[in-house]
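Only one structure is covered here, and it is reproduced in the block below.
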Amino acid sequence: MTQPTFILVHGAWHGAWCWQKLVPLLQASGAHVLAPDLPSMGADTTPAAAVTLESWATCVAELVCAHPGCVLLGHSLGGAVISATAERVPGQIRLLVYLSAYLLADGSSAADIARHDTASLIPANMVPQQRGLTCTLRTEVVRETFYGSCSTADADLALAMLRPQPLKPLVTPIRVSDSNFGRVPRAYIETTDDRAISLAAQRRMQAQLPCAPVFTLPGDHSPFLSQPEVLARILISI
């Protein structure tokens, strides 16, 4: 069977740079891989004030429509983005893959889930920036939050690449329906030692919106850096 196109959607504070180890592994399998910077993230210069969850979904939907039958993967907050994208263009997506990601029911937001995730380091360590338009994390918790299983070199590089996160996509309730988003198959890759979205929170979301298959990875929130070969094998297998 022809290998699909993978579209990789990064999470909060991150950019396309986070996939640098994973992309060549997927390409080596024969797959076509796209890893965009969401507006205002990575190298993109869109002002944070112009960013919403819907604007992010619009950008990803344009890519999806140019590559119908793609596998759309979202990491962390990217899970909300791929769900909103599936609501817009469900017939263009072969599979949604949630990588330690926010899998949100209709009317809920990433901030709602985070507030009830007592094992997450994010809610207590967010620092507002730009008069409330963006936020950062306290420097002393970033490595444990995202990169606890990563090498020092990978963690240091990632820390240098993080950008302030626009707040609107975090706090905006998602709007998804059974007739659109709900008809796209979805898989989940959960991470057991995650301090950004705890395993308990990941499983609560899956209980509400079941996925199949589900894979369990021991380790941190960033397996694309800490265990890219294992992650690539999973993605190629599904």
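Could you please find all residues in segment 38-54 being free of Cβ contacts under 8 Å to residues at least 24 places away in the same chain and surrounded by 14 or more Cβ atoms within 10 Å (Cβ to Cβ)? Show your work before the answer.
Keep residues of segment 38-54 that are free of Cβ contacts under 8 Å to residues at least 24 places away in the same chain, which gives 39, 45-47, 50.
Correct list: Pro39, Thr46.
State whether the residues of segment 192-213 include one that is in contact with a helix residue (DSSP H, G or I) (Cβ under 8 Å, 6 or more places away or on another chain), touching a residue at least 12 places away in the same chain (Cβ under 8 Å), farther than 27 Å from Ile234 by Cα and among the hydroxyl-bearing types (Ser, Thr, Tyr).
Scanning segment 192-213 turns up no residue that is in contact with a helix residue (DSSP H, G or I) (Cβ under 8 Å, 6 or more places away or on another chain), touching a residue at least 12 places away in the same chain (Cβ under 8 Å), farther than 27 Å from Ile234 by Cα and among the hydroxyl-bearing types (Ser, Thr, Tyr).
Among what's in segment 220-238 and is more than 21 Å from Val184 (Cβ to Cβ) and either at pLDDT below 95 or touching a Gly at 6+ places or on another chain (Cβ under 8 Å) (or both), pick the residue that is surrounded by the fewest Cβ atoms within 10 Å (Cβ to Cβ).
Gln227
Here is a list: Pro68, Pro4, Pro47. Which entry is farther than 23 Å from Ile234 by Cα, over 16 Å from the mean Cα position of the chain (by Cα) and of a type outside the set (Ser, Thr, Tyr)? Steps first, please.
On the way: Pro68 fails: farther than 23 Å from Ile234 by Cα; Pro4 fails: farther than 23 Å from Ile234 by Cα.
Criteria check complete, one pass: Pro47.
Step by step: first the residues of segment 116-150, then only those that are within 25 Å of Val230 (Cα to Cα) and without any contact (Cβ under 8 Å) to a residue 60 or more places away in the chain, then the one that is surrounded by the fewest Cβ atoms within 10 Å (Cβ to Cβ). Which residue is that?
Glu144
Checking Ser29 against (1) at pLDDT 95 or above; (2) surrounded by fewer than 17 Cβ atoms within 10 Å (Cβ to Cβ); (3) under 25 Å from Val214 (Cβ atoms): exactly one of these is not met. Which one?
(1)
For segment 20-39, which residues satisfy the criterion of being assigned to a helix (DSSP H, G or I) and either farther than 16 Å from Asp154 by Cα or in contact with a helix residue (DSSP H, G or I) (Cβ under 6 Å, 6 or more places away or on another chain) (or both)?
If we filter segment 20-39 for residues that are assigned to a helix (DSSP H, G or I), which is where we start, we get 22-28.
Of everything in segment 20-39, those that are assigned to a helix (DSSP H, G or I) and either farther than 16 Å from Asp154 by Cα or in contact with a helix residue (DSSP H, G or I) (Cβ under 6 Å, 6 or more places away or on another chain) (or both) turn out to be Leu22, Pro24, Leu25, Leu26, Gln27, Ala28.
Criterion first (crowded, with 19+ Cβ neighbours inside 10 Å, in contact with a Lys or Arg (Cβ under 8 Å, 6 or more places away or on another chain) and either free of Cβ contacts under 8 Å to residues at least 40 places away in the same chain or of a type in the set (Lys, Arg) (or both)) does Ala57 satisfy it?
Working: crowded, with 19+ Cβ neighbours inside 10 Å: yes; in contact with a Lys or Arg (Cβ under 8 Å, 6 or more places away or on another chain): yes; either free of Cβ contacts under 8 Å to residues at least 40 places away in the same chain or of a type in the set (Lys, Arg) (or both): yes.
Yes; evaluated as a whole, the condition is true for this residue.
Return yes or no: is Val81 in a helix (DSSP H, G or I), closer than 27 Å to Ser198 by Cα and without any contact (Cβ under 8 Å) to a residue 60 or more places away in the chain? Working first, answer last.
Values: in a helix (DSSP H, G or I): yes; closer than 27 Å to Ser198 by Cα: yes; without any contact (Cβ under 8 Å) to a residue 60 or more places away in the chain: no.
It is false that Val81 is in a helix (DSSP H, G or I), closer than 27 Å to Ser198 by Cα and without any contact (Cβ under 8 Å) to a residue 60 or more places away in the chain.
For Val230, are the conditions met, namely being in contact with a strand residue (DSSP E or B) (Cβ under 9 Å, 6 or more places away or on another chain) and either in a loop (DSSP other than H, G, I, E, B) or hydrophobic (A, V, I, L, M, F, W, C) (or both)?
Here the answer is yes, as Val230 does meet what is asked.
The values are calculated or read from the model by the stated rules, or taken from the named source; none is laboratory data. Being a predicted model, the structure only gives us computed values, none of them experimental. With ideal geometry, Cβ positions are generated from the backbone for all residues, glycine too; neighbour counts draw on all protein chains shown.
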